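Step one of this worksheet: look at the structure below.
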Amino acid sequence: MAGIYQHPASDAQANVSELSLNFNYGSTFLQWLVLAPGLINWVTQDTHLGLSRNYFGQDIDDNFIADNEWSSAYQCTPGATDPTDYTCPPAWRQPADTPPTSR
């Protein structure tokens, strides 16, 4: 699907690599979606050019229920039940026992 030619040391373009893509590609083609991140890393020689972001979804009706309240003292979610947050001390696993510090 692709090939790389490395110019030899005796060539005028020593230490230059050339990439040849032998397939059709576009923004929606599977082969491009799979190979594009690696091609960008190859061209930039593993120099990171952008941001990596993680997103999470949130339902507005779940903002103020007890199992979504965060405790900054213990760095856990005391009222979490599905799944239970086992990083909280056992006494803190009930939201009524200890109010959280932030939501």
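The values are calculated or read from the model by the stated rules, or taken from the named source; none is laboratory data. If you're wondering where the values come from, they're calculated on a predicted model, not measured in any experiment. In this analysis, Cβ positions are derived from the backbone assuming ideal geometry, glycine residues included, and neighbour counts consider all displayed protein chains. Accessible surface is based on the protein model in full, side chains and every heavy atom, while ligands, DNA and RNA are left aside. Shrake-Rupley method; radii C 1.70, N 1.55, O 1.52, S 1.80 Å.
Miscellaneous remarks
- Rounded accessible area of H7 (nearest 10 Å², 1.4 Å probe): 20 Å²
- Residue separation of H7 and N24 scaled by 0.36 nm, minus their Cα-Cα distance, works out to 3.6 nm of gained length.
- Long-range amide H partners of C76 with built H, under 5 Å: S71
- A 1.4 Å probe, protein heavy atoms only, puts the accessible area of W42 near 90 Å².
- In this structure the amide hydrogen of A2, modeled in the peptide plane, comes within under 5 Å of the amide hydrogens of N22, none closer than 5 places in sequence on its chain.
- When nucleic acids and ligands are ignored and a 1.4 Å probe is applied, T87 ends up with an accessible area of around 100 Å².
- Modelled FRET efficiency - R0 25 Å, L39 with N15, Cβ distances, 0.05 increments: 0.80
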